[in-house]
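K.L.:
Starting off with a structure, shown below.
The values are calculated or read from the model by the stated rules, or taken from the named source; none is laboratory data. Keep in mind the model is a prediction, meaning the values are calculated, not measured. So basically every Cβ, Gly included, is an ideal-geometry build from the backbone, and we count neighbours across all protein chains shown. These area figures cover heavy atoms from the full protein model, side chains too; ligands, DNA and RNA do not enter into them. Shrake-Rupley method; radii C 1.70, N 1.55, O 1.52, S 1.80 Å.
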Amino acid sequence: ILNVEQSPQSLHVQEGDSTNFTCSFPSSNFYALHWYRWETAKSPEALFVMTLNGDEKKKGRISATLNTKEGYSYLYIKGSQPEDSATYLCALKTSYDKVIFGPGTSLSVIP
Amino acid sequence: SQTIHQWPATLVQPVGSPLSLECTVEGTSNPNLYWYRQAAGRGLQLLFYSVGIGQISSEVPQNLSASRPQDRQFILSSKKLLLSDSGFYLCAWNGEAPYNEQFFGPGTRLTVL
């Protein structure tokens with residue numbers, strides 16, 4: 001059974017702080033890694049799709065890196081703002097077409 | 001552009017009652033469709049996926065079933081709800097191949113009492 005893990009489970013940071021969290025996945029059968037942001041009372045929305053070892057993606061103050069050989073991805077938020085408060089999900093897409101979600105990291109940014 | 005609808009938005013049902021949640025997709029044809037559930041304090045769990053009309057794959061044994069009567073309609077059902085069926089149910093479809101990120105509907109909050 002493939003397992004995707006995320007850490008920490010939850011995080012509280014002050015406005016303006018930078019933060020990062022981790023997604024770990026089995027590197028066998030890797031096809032793509034997705035990051036999603038899930039705000040309260042909304043649906044998860046895709047942030048990044050990452051496919052190649054060493055990939056780095058950026059969207060505004062949020063960026064992500066990918067290491068497929070060791071099976072991890074980092075999500076970074078620079079200068080956190082209250083509107084960044086959400087649960088961040090990563091999901092592994094395998095080479096046999098399964099998408100497996102991690103449990104998420106819940107981020108609260110305190111004004 | 002593609003949109004995905006789910007209803008109802010919230011539902012409170014007694015134990016033992018039936019369930020029917022509906023999901024419809026617009027702006028695409030022959031999508032892969034998915035039902036996920038998030039139970040309290042847990043991650044997103046894939047329940048069912050469908051690659052076409054009448055084709056359903058179940059990921060975990062459970063009290064629920066799914067059907068796809070039309071290309072862009074996906075239904076989640078139960079004959080008798082359990083307390084453990086409470087949670088937030090999301091329908092999703094696949095983005096473009098080959099990387100297929102998921103696009104989610106607005107979700108249904110189900111409380112079984």
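K.L.:
Between A:Glu83 and A:Glu5, what length comes free when the chain is fully extended (0.36 nm per residue of separation minus the Cα-Cα distance, one decimal in nm)?
P.N.:
25.6 nm
K.L.:
Let me ask another. Which loop trypsin sites (Lys or Arg not before Pro) in segment A:6-111, with loop taken from DSSP, have no more than 11 other Cβ atoms within 10 angstrom of their Cβ? Could the numbers behind the result be given before it?
P.N.:
Working: sites: A:Arg37, A:Lys42, A:Lys57, A:Lys58, A:Lys59, A:Arg61, A:Lys69, A:Lys78, A:Lys93, A:Lys98; in loops: A:Lys42, A:Arg61, A:Lys69, A:Lys78, A:Lys98.
The qualifying sites are A:Lys69.
K.L.:
So, in nm, how far is label A:Tyr96 from label B:Glu26 when the simple model puts each one 7 Å beyond its Cα toward the Cβ?
P.N.:
Once both label points are built, they end up 3.8 nm from each other.
K.L.:
Above 25 Å lies some portion of the pair distances; for chain A, what is it as a whole percent of all C-alpha pairs?
P.N.:
Value for chain A: 16 percent of Cα pairs lie more than 25 Å apart.
K.L.:
Once R0 is set to 41 Å, what does the formula 1/(1 + (r/R0)^6) return for the Cβ-Cβ distance between B:Arg109 and A:Ser18, expressed as a FRET efficiency to the nearest 0.05? Provide the component values of the computation, followed by the final result.
P.N.:
Working: r = 33 Å, r/R0 = 0.81.
The calculated FRET efficiency here is 0.80.
K.L.:
Rounded to the nearest 20 Debye, what is the dipole magnitude of chain B about its Cα centre when Lys and Arg each give +1 and Asp and Glu each give -1 at the C-beta?
P.N.:
Using Cβ point charges on Lys, Arg, Asp and Glu, chain B gives about 380 debye.
K.L.:
Filter the chymotrypsin sites (Phe, Trp or Tyr not before Pro) in segment B:1-86 down to the DSSP loop ones having no more than 10 other Cβ atoms within 10 Å, then list what survives.
P.N.:
none
K.L.:
Would you mind calculating the relative contact order of chain A from Cα pairs under 8 angstrom and at least 6 residues apart, reporting the percent as a whole number? Intermediate values should be presented prior to the final figure.
P.N.:
Numbers: 279 pairs, mean separation 41.8, N = 111.
The value is 38 percent.
K.L.:
Rounded to the nearest percent, how much of the accessible area of the protein assembly as shown (1.4 Å probe, protein heavy atoms only) is carbon and sulfur? Provide the component values of the computation, followed by the final result.
P.N.:
Numbers: 5380 of 10960 Å².
On the protein assembly as shown, the fraction of accessible area on carbon and sulfur atoms equals 49 percent.
K.L.:
Also, I was wondering about something else. Give the residue from B:Ser57, B:Gln73, B:Ala40 lying farthest towards the positive end of the charge dipole for segment B:15-73; charges sit on Cβ (+1 for Lys and Arg, -1 for Asp and Glu) and the dipole is referred to the Cα centre.
P.N.:
Sorting the options by dipole projection puts first B:Ala40.
K.L.:
Using a probe radius of 1.4 Å on heavy atoms only, what accessible surface per residue do you get for chain B? Whole Å² is fine.
P.N.:
With all protein chains present, chain B gives 49 Å² per residue.
K.L.:
How large is ³J(HN,Hα), in whole Hz, for each residue of segment A:101-109 in order, when computed from phi with the Karplus curve 6.51 cos²θ - 1.76 cosθ + 1.60 and θ = phi - 60°, using x for Gly and Pro?
P.N.:
Per-residue couplings from phi come out as 8, x, x, x, 10, 8, 10, 10, 9 Hz.
K.L.:
Just the number please: accessible area per residue for chain A, 1.4 Å probe, all protein chains included, in Å².
P.N.:
On a per-residue basis, chain A sits at 49 Å².
K.L.:
How long are the semi-axes of the ellipsoid equivalent to the protein assembly as shown, from square roots of 5 times the Cα gyration tensor eigenvalues, in whole Å, largest first?
P.N.:
30, 21, 16
K.L.:
Using a 1.4 Å probe on protein heavy atoms only, how many Å² of accessible area do B and A hide from each other, summed over both chains and rounded to 100? Let's see the in-between values first.
P.N.:
Numbers: alone 6180 and 6220 Å², together 10960 Å².
Using a 1.4 Å probe on protein heavy atoms, the buried area is about 1400 Å².
K.L.:
Run the reach check for A:Lys59 against aspartates and glutamates, Cα to Cα strictly under 14 Å, same-chain hits fewer than 8 apart removed. What comes back?
P.N.:
A:Glu45, A:Asp84
K.L.:
Taking the dipole about the Cα centre of chain A, with the C-beta of Lys and Arg at +1 and of Asp and Glu at -1, give me whichever of A:Pro8, A:Cys90, A:Ala32 is farthest to the positive side.
P.N.:
Value: A:Ala32.
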